[in-house]
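Presented below is the structure to which this report refers.
The values are calculated or read from the model by the stated rules, or taken from the named source; none is laboratory data. What you are looking at is a predicted structure, and each value in this text was computed from that prediction instead of being measured. Cβ: placed from backbone, ideal geometry, glycine included. Neighbour counts: every protein chain shown.
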Amino acid sequence: MAPVNLSHRRTHNLLLISKLLSLRDTASPLTLLQDSLEQPATPLIKEYIRRAKLSKVHVTFIAFETLKKPDGVDAFVSTRRKSPAEIVEEVAAVYQPASATGPPRRRLIIIDAINPLLSSRRLDPAFHLPSFLGSFIAPSGPSTGKAEASLVVTYHQDVSALPQQNHYSPTPLSVLTYLATSIITLHSFSHILAQKAARDRSLAAPVFGLEEEQDGVLLGRLDKLAGTGAAEGIVLELEHRRKSGRGVLEWYLLPPSSRYSPQHVKEVVTLLDDNVLYNPPMEPDTNPDEDEPKSTFELGLTDRQRRDREGVVLPYFDAQHGDGPGEGGRILYDMGEEDDFDEEEDEI
Amino acid sequence: MSFRKRNIGLSAGVDRAAVPNASTQPAPPESSPGIRPSPDDGRPTTSTGSPSLDNLLAGHAGLPMGKILLIEENGTTDFAGALLRYYAAEGVVQEQKIHVVGVPEQWGRSLPGLIGTAESLEEKRDKRKDEKMKIAWRYERLGEFGAGVAGSRDAPAPAPAGEKDAIAKPAFCHAFDLTKRLTHPAITNMSFIPLVPSRESPFAAILKQLQTTIGSSPSNTIHRIVIPSLLNPTMYPPNACQPEHVLQFFHSLKAMMSAYTTRVTAMITLPLSLFPRSSGLVRWIELLSDGVIELCPFPHSADAVATSGAATSVEEPPQGMLKTHRLPVLHERGGGSDQNVGQDWAFILSRRRFEIKPFSLPPAEGDTEAQDASATGGMPKKSDLEF
Amino acid sequence: MPSQPPLPPLLTTYLSKQPESSLTLISSILGATSNWLVLRYLYAALGTSSSPNVTIGSDELANGVKRKVVLVSFLRSWEFWRAEAKRLGLDLARLADKQQFAFVDGLSELFNTPSTASGAPTNTGSAVRTTLPLRSQPGTVPGRGPPSTVTAERLGNEGLRQREPGTAKKLHFTGHGVAALDVMEKDIIAEINRQKSSMAEGDEMLLIIDQPDFLLAATGASMGIGATEMAEWVTGLQQHAHATVLTLAADSPLIHNASTSGIQQSSPIETEHAAFAIGMAHRARSVMQLRTLETGAARDVSGVLRISRGGGWTGEAEDNLEERELLYYIQRDGGVRVFGRGES
């Protein structure tokens, strides 16, 4: 990859992720986080909340599986035993628009896991996922004012979906991925490293956790994987659809939150390709003349030796003449003075 | 089997009170025939009717009371059925109350005939062996050999405690002959619970009947619940294999076991060809059972193995593999520490016994070296026989 | 074999520290059951105060918080837990008397209520209680007289307590769907609140739910209970406890059949179980996974315990949860040895 190209990519894509995570310019009204047990979305959601706090965004947390209100959340909406309509209502109610004078406060709505809703047995068959999600982003009520809302939805990839009642409608996951303006798939950095190491050796990539298909194994993530002690962090695989319709695909690395202070404003996310563990820096290209390995043995050839080597007629040259069976393939060798040839003992 | 007087003057209500009392003390009720304390932890156990299965059960030398043993069988053979018949026959001989679920009364008439106690059979075998070995002087070395190796392995059946008991008390386990039919006065006492087709759970009626009979019986009656070929579609209605029916039945059975900890055992067989172990339903059935044993019969007839060098006229070829997935009590506690765990087992069903022993592959035909090295057969080396 | 300490040293940190509103998931399989680990959680919460040489006062000083436990068990009887805890030196019946422990029985009468329920349970319970010290007199037929009078006394003296510990609250599954779950939830919460009534400020309530996944499996889709409803049920209970420990089965057929799409369609019992188990792992702070050795059984190893951070692990600095994989061995005397691979 040309260095110019990379630096261009770096500038653009880092700006993009920064915009997405900090919810600037409502770059992505609906973000889908696809996580798994191997890399849960919890740290990324914390990062969203942290940035929202910094930029004074109102955070609403819709909890399908979280018990306790996370730090930094303005409104916590428990969904237990509530119908989707009730949830929408409550979410709209918890947000008091700022005074008419100030600009409307932006708002971030987080759904910690959409799976329970999708597989709920009490769900009305007429439940319509797109309009449910849409009602958060563009509330119809007059009281909500003109708040710009961004919705971040987590989907657990490893929780199997129930068979659909309507066999012809698309699955909820396809609906979500189709609707989402950004899709972030989360990976564990240590797993990415292990898989890359295997790929570099042309080995089958290792699998972790549920994919091991082992009796009694739910999680495989052991952060102390051999040789990757420092490999903390989350790999984000971002697929973003620009307003222009163009797509962007990039891999990022989010370092663990212990590495920076909560008030840290500068961008902490880096490109995965810029990581030294993932992409070890090449040894700088040295003088081509010195590309021979150094050794105490002289492995090179002098000019004369090289000439001599070229002069040797290899057996198969002769064999190609096909002088009949048994002929050809002889080693033609002219005895030199340095050969210690004994007529009686040696034979050619 | 002495006839015991049955708690005269005790009403049913007090009997119920007596149950948990008995469960708190490991010693079995004195008056129960066929019950003995486990050599492992003293809890009451009863025999499955086949000594080598008793020995497999994690050091308890019998099936602990209040436990469910699930026998699964692959293929269309009915080795599990034989085990079940031994279990039922043993119960009849011990004058325990047998409840058979889902099969007609003919099943009860096919129980194997009694030919003595398990110990007597062992003795007979050993004696016969000794006689045979005295035929010629050159076999004398062989006799020692047999006593040392084969003898020590073949006769571990009665655990030490059992041997002692055998003298003073009535036998714990009996020997049966599959070709004979059991004739015992208590055989008429077996109860057969038919499957009644119903829109609700087909097991509801069974449970109810079990509960009433066990609940209303005197507190020293021991019960055995025998369920042959569970969920077999020729006997059970199609809705029986709905999880809400079969799993609730197992759960209620387990509840019954814990309510009458010292009085009930159950043995259930399940055809794996219809309900494979890889399915979630069967796994739940297994999780609800206290012991899970899988029989994998060898697909072909035993003839092929018999002609190979390994088997001899003395040693019968194994008819299949036996796997222990879970053992009563042991696995409930966490599992693992039993000496039998992790062994490969083979089983041999002969006329008179269901024998389980360590499995090892027979040496290849004509491979005399391997034959010499193999200790499996417990056979004398060829060189011992030749001059 | 040397006797082992009730709490394996390598596990002490995992067993004793349960942050607020955290969920700990214990997964087991057919050949590696979780009961021993649940007992260790019980011991970690209740152990010190029940040992006779430590007075309760000094214990409170030493530890600051007093812990109470409510154990809900769907697959194992009170008798089992009592006997096994006794082997650890934990007298659950006495702790229940002292209102530190409560057992909720999800086995005995979950699906069938005995027709003669009236009055019988109290009688049974009193027999358990009063004959406990009488172990040395086997064969005594418990008469009608003494136990019932004792019961009467007890009931008279202690108006607060309605039940004997031996006959803990029995759960019943009656009705259909979520309503049936609600009834059970109410029963369990009532039990929790009964314990809480004697709780001081700062005391912690540990809720242990043993195999609620059975409920999901045995009620089936036809009863309108799915993974989501079960998970909500657990959430409802979690809200009333300081911390929750949950056990469930993670056998391959129950977890992996659901994800292998194609060849054979997975049955609802498999799909729902997988969704419930994995969903719970997403909520859990830590997941203790028990399994047998891949290399086959060994004489000195009962199984493998893998401790992982679940999806609910906050990742905060103070919540230090080290992930590791350990071997364990259950001795015949019930003691447990936990050690790393390669150690013995």
Which one of B:Thr261, B:Thr269 is outside any helix (DSSP H, G or I), within 11 Å of chain C (Cβ to nearest Cβ) and under 30 Å from B:Pro37 (Cα atoms)?
B:Thr261
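Can you name every residue in segment A:66-84 that is outside any loop (DSSP other than H, G, I, E, B) and either facing chain C (nearest Cβ under 9 Å) or touching a helix residue (DSSP H, G or I) at 6+ places or on another chain (Cβ under 9 Å) (or both)? Steps first, please.
Step one: of segment A:66-84, the residues outside any loop (DSSP other than H, G, I, E, B) are A:75-78, A:84.
Once the filter is applied, which keeps residues that are outside any loop (DSSP other than H, G, I, E, B) and either facing chain C (nearest Cβ under 9 Å) or touching a helix residue (DSSP H, G or I) at 6+ places or on another chain (Cβ under 9 Å) (or both), segment A:66-84 yields A:Ala75, A:Val77, A:Ser78, A:Pro84.
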For segment C:312-320, check the following and say yes or no: at least one residue is in contact with a Lys or Arg (Cβ under 7 Å, 6 or more places away or on another chain) and outside any strand (DSSP E or B).
yes
Quick one: count up the residues across segment C:1-41 that are without any contact (Cβ under 8 Å) to a residue 60 or more places away in the chain, in a loop (DSSP other than H, G, I, E, B) and aliphatic (A, V, I, L, M).
1
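Being surrounded by 19 or more Cβ atoms within 10 Å (Cβ to Cβ) and modelled with pLDDT of 85 or more is the filter here, so list the residues in segment C:327-337 that pass it.
Our first condition is that a residue be surrounded by 19 or more Cβ atoms within 10 Å (Cβ to Cβ); within segment C:327-337, this holds for C:327-330, C:334, C:336-337.
Residues satisfying the conditions are C:Leu327, C:Tyr328, C:Tyr329, C:Ile330, C:Val336, C:Arg337.
Looking only at strands (runs of 3 or more DSSP E) that fall completely inside segment B:57-117, which ones have 2 or more residues that are aliphatic (A, V, I, L, M) and buried (at least 21 other Cβ atoms within 10 Å of the Cβ)? Lay out the reasoning, then the answer.
Numbers: elements: B:68-73, B:97-101, B:112-117.
It comes to B:68-73, B:97-101.
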Single condition C:Ser222 does not satisfy, out of (1) free of Cβ contacts under 8 Å to residues at least 40 places away in the same chain; (2) among the polar types (S, T, N, Q); (3) more than 14 Å from chain B (Cβ to nearest Cβ)
(3)
How many residues are assigned to a helix (DSSP H, G or I) and either within 14 Å of chain C (Cβ to nearest Cβ) or over 22 Å from C:Glu325 (Cα atoms) (or both) when one looks only at segment A:194-214?
9
Take B:Met1 and tell me if it is modelled with pLDDT of 90 or more and either within 13 Å of another protein chain (Cβ to nearest Cβ) or surrounded by fewer than 20 Cβ atoms within 10 Å (Cβ to Cβ) (or both).
no
Give me the pairs: first residue in segment B:223-249 and free of Cβ contacts under 8 Å to residues at least 40 places away in the same chain and within 18 Å of B:Ser273 (Cα to Cα), second residue among the basic types (Lys, Arg) and assigned to a strand (DSSP E or B), beta-carbon distance under 7 Å, and six or more apart or on different chains, which are they?
none
The residue that is farthest from the other protein chains (Cβ to nearest Cβ), considering only those in segment C:237-288 that are within 23 Å of C:Leu327 (Cα to Cα) and polar (S, T, N, Q), is C:Thr247
Exactly one of these conditions fails for C:Asn35: (1) within 8 Å of chain B (Cβ to nearest Cβ); (2) modelled with pLDDT of 50 or more; (3) farther than 24 Å from C:Tyr14 by Cβ. Give me its number.
(3)
Given the options C:Gly262, C:Gly311, C:Gly340, name the one that is in contact with a helix residue (DSSP H, G or I) (Cβ under 8 Å, 6 or more places away or on another chain) and either at pLDDT 90 or above or surrounded by fewer than 20 Cβ atoms within 10 Å (Cβ to Cβ) (or both).
C:Gly340
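Which of the residues that make up segment A:248-259 are without any contact (Cβ under 8 Å) to a residue 40 or more places away in the chain and surrounded by 14 or more Cβ atoms within 10 Å (Cβ to Cβ)? Give the derivation first.
First, the residues of segment A:248-259 that are without any contact (Cβ under 8 Å) to a residue 40 or more places away in the chain: A:249, A:251, A:255, A:258-259.
Those that are without any contact (Cβ under 8 Å) to a residue 40 or more places away in the chain and surrounded by 14 or more Cβ atoms within 10 Å (Cβ to Cβ): A:Trp251, A:Pro255.
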Candidate set from segment A:144-181 (those that are modelled with pLDDT of 85 or more and touching a Lys or Arg at 6+ places or on another chain (Cβ under 7 Å)); member that is farthest from A:Leu238 (Cα to Cα)
A:Ala149
